Structures are given as C-alpha cells and as structure tokens.
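The values are calculated or read from the model by the stated rules, or taken from the named source; none is laboratory data. All of these numbers come straight from a predicted model, not from anything done at the bench. Because the Cβ atoms are built from the backbone with ideal geometry, glycine has one as well, and the counts that use them run over all protein chains shown.
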Amino acid sequence: MSTDSKNTRLAARLISDVRPQPAQEEKLLAFLSKKYGDDVRMDWVEDKSVTNGFRLEVGTALYDEKSGEVLDWKLSEVYDWTPEAHLAELKERFASLKVAGSRIIPLLQEAVNDWTPSSMATEIGTVLTVGDGIATVKGLEHACYGEILIFSEGIRGMVQELQPDYLGCILFGDDSLISEGSVVKRTGRTAGVSVGDALLGRVVDALGNPIDGKGDIAEQEYRPIENPAPGILERQPVDTPMETGLLAIDSMFPIGRGQRELIIGDRQTGKTAIALDTILNQKGKGVICIYVAIGQKASSVAQLVENLRKRGALDYTIIVAANASDSAPYQYIAPYSGCAMGEYFMHKGKDVLIVYDDLSKHAIAYRALSLLLERSPGREAYPGDVFYLHSRLLERSAHMSDECGGGSMTALPIVETQAGDVSAYIPTNIISITDGQIFLESNLFFAGQRPAVNVGLSVSRVGGDAQTKAMKKATGAIRLDLAQYREMEVFTQFSSDLDDTTKRQLVYGQGLMALLKQPQYHPYSQHEQVVILLAAMAHLFQDVPVKKIGEVKNGLLAYIEENCGELCRQIDKTGLLPDDVKNELLDCAASYIEDIKQTM
C-alpha cells in the first residue's frame, strides 16, 4: 500500500449498541463541526455493552483512502453519556462523605433523542516521562495551573508547569506505579483539602488525610489550598494582642492578632520552642492553633504532639505534617493546606494562630521541584518566583473587618539561618514580607539566655498597637535599657577600671537579662508579666545577686498572687493598670524583696 493512499484527519467514533437515527447523527455532526470545524469524520462503532446511552470519542485517525479502513487511532477527548459514567462521577463526588449506610440514588436518565452534547469533555492525556515525583504529560490542552489530574493507576497529581507541547505535573503518590504511556484524565478541580471542626486534635498529612491512627475524619467542607489574600477593604488594623506568654517578646516585640511575625535564627536556638510556648499560652483563650511541620523528622513531630497532648493543648490544635521522608510535592503544598484550614475558621469569625516550621525547607522543596521541571535557576539555584511562593502564603494572614466576621489569622513563620546570616536569599525575602522578626542569637543561647532573643535585631512593626495598656505602662524603657547595657558590655571588655555609675548600670542590665530568662513550657500570664516589669523598672532587683534573681522572681509572683490576687485578676480581665493598682503592686513587691534581701 502506498503512502499517498493514507490520510490523517480529525475524527470521531460514536460507540453504542444500536445505530443512531439520521436525525441523531445530524445533531452530533453539527456539534462536532461547531466545536472542531467542518472537516470532522464520524464513524459508528457497535458495542453491545453500551446500553441506554452512548460514548463519543474524538481524536485523530489515519485512514486508508482506498478502502476507508482506520489504520491508526489516537484518542484526545471523550464525551461519555452512559449510566455508568453518571454513577462513576457521583461516586467520586461523594466518596469523601463516608456516611454510614449511605446510598447513591441514580438520577433520571435523559433520552438520547433529546440530548444536546455539552461543550465539556473528558480530555485524555498520556505520560511522556516520570520520575522523582514529577510527570510530564501531553494531550491535555485545556488543563490549567493547579488543576488535579488522575492517572490510570489512581494516583493524583497537580499541574505545576504549562508548556506549549506538554504539562509538568507534581505527583502525590508512588511514581513507580506510573509508566510512560499511562493514561491521564482531567478532573476540572483545583487542589483542595477537607476543612472543619473535626480536624481539631488530629494529625494529618499535606492532603488532609489522618496519620495519627485515630480513624477517618468527617469532612465538613472542601476548600482550595490556594486562595487570594483578603483585600484592603476586608481587613481592619491589627490592635488585639496575641500573647505568647514569653516576657522577652510580649514586653518588647508584641504580636497582634492578624500579624505575621518571623522567628529567625540558626539551628538549635529555640525557634520551635517559642512557637510551641505560644500555642500553649492560647489555652482557654478561644484561639485555634495550626502547626505545619515541613521536612522534619517524624520522631520530632511525634514528640511535639505528645507535649501538646500532655499539656492539654492538642484539643484546640491541628498538626499538618509533611515529614522529611515525604516527597517534595507534599512538603511544597503542606503550608498552603494548613493555611486553607486556618481560613475556614478565620472566615467563621474565629482567631487562628498558624506556625510554619519551617519555610527554609519549604523553599528547598520548591527549588527541587522547579529544577526537576527544568525551570531556570537564579540566585542560590532558587527559581525566580520563590518570593511569590511565600508572599502569596503569608499575605493570607489578616485581621478581618467586622463586616467579614472579625476573625483573624496570625502567622509565625520560622526560617533557619546559616551562621547568623540574615542577608541570605530566603531570610531577606521573608523579612521583607512579614511585619517584624524575632532574631534568636546562638551566642546568647549557648550562654544560657533562653529565649535567646537579640534585642537589637528583633522588631515588631505593629509595636504598642498590639499591647494592652497595662503592658504598655509596665514595660517602660526596658528595650532602651537593654540596648545601653549591651553597648556598655562591649566597652567593658577593654577596660577593668570602671566608675561606680557604670558598674551599677552593668549590674542593672545583667539583672534585666536574668529576669527575661524563662524555662520552656512555662508561659507567663499578663498580670505576672506586669508584676515582673514593674519590679524591674523600679530597680527593685538591683541589689539581688544575679544567680538568685530567678528564685526571687518566682517567689515574688507567688507572694503577689497570694496577697494581691484580686488586683491580678483585674489586670487579666481589663488589660488596664490604674495608678493606684500600680502603686499597690509596687509597694507589695518592694516589701517582699526587702524581706528577702535580709535573709541572703
């Protein structure tokens, strides 16, 4: 047979158990001509298994012009109008409901004679290459960025790269089950996660599936993991405190509900400890907490979950874990999934605290995906859109306006630095996005200062707006005093002959640093912080030996609680510190410390 007798053209196959009537054929040909052009050939294929409906397959066919025989056929789209297709669609749509004893009631079938073909078709694609959690797919011309695809092996993937000739897809499953030539189907849905109150107290993976062995989670609502950030008119100023319970932070770098405060520092300097203490401090305050673990050891996540459970904080916390053993696609979408869960509560008028631990590993996972997708590398081999990667995540944190429910989502992203270098690519990116940073210094940490907050490099751009009047009044000039002490401490290294004023200033600064030391899992209430700050600013600890300050501080808090309990509850309830209350607390504190000094 000569090559000239062959012809490739757009064609369609109508598959049914009986041949359609001429009027039905004309209707179908009119639909094909409208969508694909006039030159479309349609052949009828008999299939006794296709009853009460038909299937229309569109693709390209290689014909023998002399005999009319089809030599080769490549499928591109399918219009399926059979009861089986309806049932499969319903099963997929309702599969996640998991209602005991539920049944799917078939819809009334429309007669084939009255059916008008829909312009929505099931596009069919094929896998070109697969490996390292990435698959390239051809044939899905209408797929969009972020859409979920289903591979013939049942594994799901998400479109991440759009090229003229192919799609780049990240895979959520074992890529060894997929091979070249595998069939891929569009779903028409963007990536999303199940959200609802049933997630509280649970540990889930990046797709929202439970991994804590406590059974299935009842789905209440499905929410896309990617959502636009609230607009200006939907927000209101950040003016309500999100108390961490840590004196060093609440006094000098206060965090407000709806703020984004970066926690940054080298490895093993207490970054996660600050986030964990903040979660513990929300007990009884009506705040929903979400902890997103990215690229951490499974044993570390298990230890954190156990700490929360023992201290009664797991009941109002959701753990989203994309462990180090999980693939890069899971680590990439984990923070977006956690953010979608938080948005569900925020839009219901609730306050949410979300911790991203940490975004350095998130950026590394995204870099791996981008390089595998053959995107051009930039600075430090990161792709050019790595800034947008984190900005579109962190901008979703907000304090919503009263018209939008008044809820809030506060973000505490964590970033790891190398040798204290805050000028590296990812740290500078996230510093420019967030509303301040808490910088943890290795030297302070190893010197026993916990939390190891560097007063000079840390800042909160919300500032006093997120402090109660009681805290603002008690704080005074503590940050300025500490800055002067740190500067004076440097100069004392070069001189041993100091005047009495300088020595006294140094002792006072050392006392302030000792007062700011705080053990993990022991957050302070508001009145405890106010009492400590009042005593510190009044120089009541001036003559107490530095080694004894921690002991005297704990004794003072117990003494104030016993003798001024009503005043303490008043501060916690109102957030105010009237002058008479302030003076009474100072007199009580001075009396206690004076008695203690006599016994030393």
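Listed values, structure above:
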| item | result |
| --- | --- |
| Residue list for segment 385-428, filter: assigned to a strand (DSSP E or B), more than 18 Å from residue 340 (Cβ to Cβ) and of a type in the set (A, V, I, L, M) | 414, 415 |
| Contacts under 6 angstrom Cβ, first residue in segment 429-442 being within 13 Å of residue 259 (Cα to Cα), partner aliphatic (A, V, I, L, M) and assigned to a helix (DSSP H, G or I), 6 or more apart | 433/394; 437/431 |
| Whichever residue in segment 407-424 is of a type outside the set (S, T, N, Q) and at pLDDT 95 or above and, among such residues, is farthest from residue 331 (Cα to Cα) | 407 |
| Qualifying strands (runs of 3 or more DSSP E) (wholly inside segment 182-293; at least 2 residues being over 16 Å from the mean Cα position of the chain (by Cα) and under 30 Å from residue 476 (Cβ atoms)) | 262-265 |
| Residue pairs meeting the criteria (Cβ under 9 Å; at least 6 apart or on separate chains; first on the phi > 0 side of the Ramachandran plot, in segment 408-419; second modelled with pLDDT of 95 or more and in a loop (DSSP other than H, G, I, E, B)) | 419/266 |
| Check on residue 351, among the acidic types (Asp, Glu), touching a strand residue (DSSP E or B) at 6+ places or on another chain (Cβ under 7 Å) and modelled with pLDDT of 95 or more | yes |
| Matching residues in segment 137-155 - criterion: being surrounded by fewer than 16 Cβ atoms within 10 Å (Cβ to Cβ) and aromatic (Phe, Trp, Tyr) | 145 |
| Lone unmet requirement of (1) outside any helix (DSSP H, G or I); (2) touching a residue at least 24 places away in the same chain (Cβ under 8 Å) for residue 308 | (1) |
| Test: residue in segment 384-400 that is surrounded by fewer than 24 Cβ atoms within 10 Å (Cβ to Cβ), in contact (Cβ under 8 Å) with a residue 60 or more places away in the chain, in contact with a strand residue (DSSP E or B) (Cβ under 6 Å, 6 or more places away or on another chain) and among the small types (Gly, Ala, Ser) | no |
| Given (1) under 25 Å from residue 132 (Cβ atoms); (2) crowded, with 23+ Cβ neighbours inside 10 Å, number of the condition residue 341 does not satisfy | (1) |
| Residue match in segment 445-454 (condition: at pLDDT 90 or above, part of a helix (DSSP H, G or I), outside the structural domain of residue 526 (by TED's automatic domain parsing) and not β-branched (Val, Ile, Thr)) | yes |
| Every residue from segment 459-477 that is more than 24 Å from residue 431 (Cβ to Cβ) and of a type in the set (A, V, I, L, M, F, W, C) | 470, 471, 474, 477 |
| Residue within segment 339-346 that is touching a Pro at 6+ places or on another chain (Cβ under 9 Å) and of a type in the set (Phe, Trp, Tyr) present | no |
| The one condition in (1) outside the structural domain of residue 581 (by TED's automatic domain parsing); (2) part of a loop (DSSP other than H, G, I, E, B); (3) over 24 Å from residue 531 (Cα atoms) that residue 437 fails to fulfil | (2) |
